[in-house]
1. Output the residues belonging to region 36-51 that are surrounded by 10 or more Cβ atoms within 10 Å (Cβ to Cβ) and at pLDDT below 75.
2. Determine whether S61 is touching a residue at least 12 places away in the same chain (Cβ under 8 Å) and surrounded by 11 or more Cβ atoms within 10 Å (Cβ to Cβ).
3. Given the conditions (1) under 30 Å from E43 (Cα atoms); (2) surrounded by 12 or more Cβ atoms within 10 Å (Cβ to Cβ), report the number of the one that E119 does not fulfil.
4. Hey, L8 hits all of (1) within 30 Å of I111 (Cβ to Cβ); (2) of a type outside the set (D, E); (3) at pLDDT below 80 but one; which does it fall short on?
5. Only residues that are assigned to a helix (DSSP H, G or I), touching a Ser or Thr at 6+ places or on another chain (Cβ under 8 Å) and without any contact (Cβ under 8 Å) to a residue 60 or more places away in the chain: list them for region 78-130, please.
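The values are calculated or read from the model by the stated rules, or taken from the named source; none is laboratory data. No experiment lies behind these values; they were computed from the predicted model shown. Don't worry about glycine lacking a Cβ; one is built from the backbone with ideal geometry, like all the others, and counts go over all protein chains shown.
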Amino acid sequence: MNNEINSLLKAESEQLQKLQDIVKKSISDENLIIENLLNPPKEILTQGQKISDKVARFGGSWTFIILFMLLLFAWILFNTIAPKRDDFDPYPFILMNLILSCIAALQAPIIMMSQNRQEEKDRKRGENDYMINLKAELEIRALHQKIDLLLEEQIKILFESQSEQMEILRSIEKKMSK
């Protein structure tokens, strides 16, 4: 009887050791992922990148559109109503068209630079999402291993107890047949 208890205790300690090994392995697998998620690399922006972000943010706002429309309206109104000696850009507003073309020519690449940086941020965000999914997958695998181990041990114990019961039944049968 004492031998059976020792073997059961040994089997349970082996099972616990296997579970601890699975947990240690899953923790070591996740350390890199967790480190990257908790400490993302700091984004270092140059002065030009900061300016392009500000220009893109302002150029794509209703404030810019309203201010620009008011400026154009004031420009046209002044150059239409002002006396001939005071108007600096008479109708057909060639100077205004030149300024608008220059603004568009400069603003477009600046906005594209900002959009490229935003695309890079989106790519990094996608990588973080992938790492989170990978971490979840590793945790699920570890859980599957734990469940498989528990089931394996339970089946083993079940077979052992069944074989012991069979031995007891055989001994009872022998005793009854005598």
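1. From region 36-51, those surrounded by 10 or more Cβ atoms within 10 Å (Cβ to Cβ) are 36-37, 40, 43, 45, 48-51; that's our starting set.
Scanning region 36-51 gives N36, L37, P40, E43.
2. Details: touching a residue at least 12 places away in the same chain (Cβ under 8 Å): no; surrounded by 11 or more Cβ atoms within 10 Å (Cβ to Cβ): yes.
So S61 does not fit the description; no.
3. That leaves (2) as the condition not met.
4. So the condition that L8 fails would be (1).
5. Here is the first cut: in region 78-130, the ones assigned to a helix (DSSP H, G or I) are 78-81, 94-130.
Filter again for touching a Ser or Thr at 6+ places or on another chain (Cβ under 8 Å), leaving 110-111, 113-114, 117.
Answer for region 78-130, where residues must be assigned to a helix (DSSP H, G or I), touching a Ser or Thr at 6+ places or on another chain (Cβ under 8 Å) and without any contact (Cβ under 8 Å) to a residue 60 or more places away in the chain: I110, I111.
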